Amino acid sequence: MGEEKKFPIIEIFGPVLEGEGEMVGTQTMFIRTGGCNSRCVWCDTLYAVLPSLVKKNGTMMDTSEILVKLVELSPICRTVTISGGNPCIHELGNLVHTLKECGYTVLVETQGDPYRAWLTDCDIVTLSPKPPSSGEKTNLKALDQCVNSIEDECLSMKIVVFDNVDYEYAMMIRERYRSAGITSWFLQPGTTRAIDLDVFNEPQQSAIDQYRSIILDRTKEVIEMVIADPRAADFRVMPQLHALIFGDVRGV
Ligand code: SF4
């Protein structure tokens with residue numbers, strides 16, 4: 001393992017249950033990188049996005065230090081999820097290569113902008129282009145490059161849906177890649193941040209109950225849309241499992 005640049009790592013934790021996408025419900029270790037080139041209005045990981053918070057919360061780590069931490073936390077779990085922020089703002093080729101050499105199954109979640117060649121070495125790449133409610137504009141060129149470069153069987157597309165406009169955006173993305181052969185398509189009912197709910201003065205259990213009920217109501221709405229729409233026949237509807245079980249907390 002040669003000398004390499006260090007990356008801002010916000011947190012490494014686990015094993016936890018993967019709460020989203022293709023591997024939902026399986027045990028995984030979690031690496032959260034710091035920094036993101038987007039600023040989604042409903043971002044639930046601002047502590048890993050805003051430069052001042054990344055500076056405050058992050059630790060600069062290289063591949064060896066990350067591996068030591070993973071093994072220290074669990075000598076057994078050999079699945080790792082890399083998320084952010086946006087992991088694709090970093091050159092993580094050496095990290096992914098080393099994790100694979102050590103026997104890890106590597107999952108990554110990114111909006112797919114910018115494209116990085118190391119994505120093709122990951123076992124599952126969840127591309128999560130951000131819908132209009134995020135306030136962000138999708139870089140379709142970068143997304144095309146991801147879809148064209150990553151093997152279909154390693155690729156999942158996940159789109160967050162807060163409203164009808166987001167839903168139509170998801171259908172547009174589905175249509176754009178209809179001939180691409182991606183087998184996994186997810187619609188994820190948007191999860192409102194606890195900070196945006198007026199629940200801080202309530203007892204903790206009541207806050208979590210409200211949070212769950214919002215997620216479940218939104219999930220029901222998205223299921224109803226999908227069932228009534230032949231364009232959405234390929235989509236699986238899945239709320240964030242960890243948010244539903246634990247609420248809006250870190251490290252779960
Ligand atoms: S892309 Fe993800 S991490 Fe970045 S601002 Fe949007 S929700 Fe937050």
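A short reminder: the numbers here are calculations on the coordinates, not readings from a lab. What you see is a predicted model, and the numbers here were worked out from it, not measured in a lab. Every residue, glycine as well, gets a Cβ built from its backbone with ideal geometry; the counts of neighbours run over all protein chains shown.
Tabulated data for the structure shown
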item	result
Isolated Cys residues of the chain, judged by Cβ distance under 4.7 Å to other cysteines	36, 77, 88, 102, 122, 146, 154
Along each principal axis, Cα extent of the stretch 34-105, largest first, Å	37, 20, 19
Peptide ranges 184-191, 233-240 listed from the most packed, as the mean C-beta count within 10 angstrom indicates	184-191, 233-240
Computed Kirkwood radius, in angstrom, where 1/r is averaged over Cα pairs of the stretch 1-76	13.7
Percent of C-alpha pairs per 10 Å bin, the chain, short to long	7, 30, 38, 20, 4, 0
Relative contact order (%) - the chain, alpha-carbon pairs under 8 angstrom, separation at least six	17
Pairs of alpha carbons in the stretch 69-132 whose separation is greater than 17 Å (percent)	38
Long pairs among 56/130; 6/100; 130/158; 100/137; 69/100; 6/56, criterion Cα-Cα beyond 21 Å	56/130; 100/137
Pairwise centroid distance, computed over Cα atoms, of the stretch 22-51 with the stretch 230-252, Å	14
Percentage, to the nearest whole number, of Cα pairs in the stretch 125-192 over 21 Å apart	18
Debye-sum result for the stretch 22-159 in log10 I(q)/I(0), which assumes one identical scatterer on each alpha carbon, at q = 0.21 Å⁻¹	-1.41
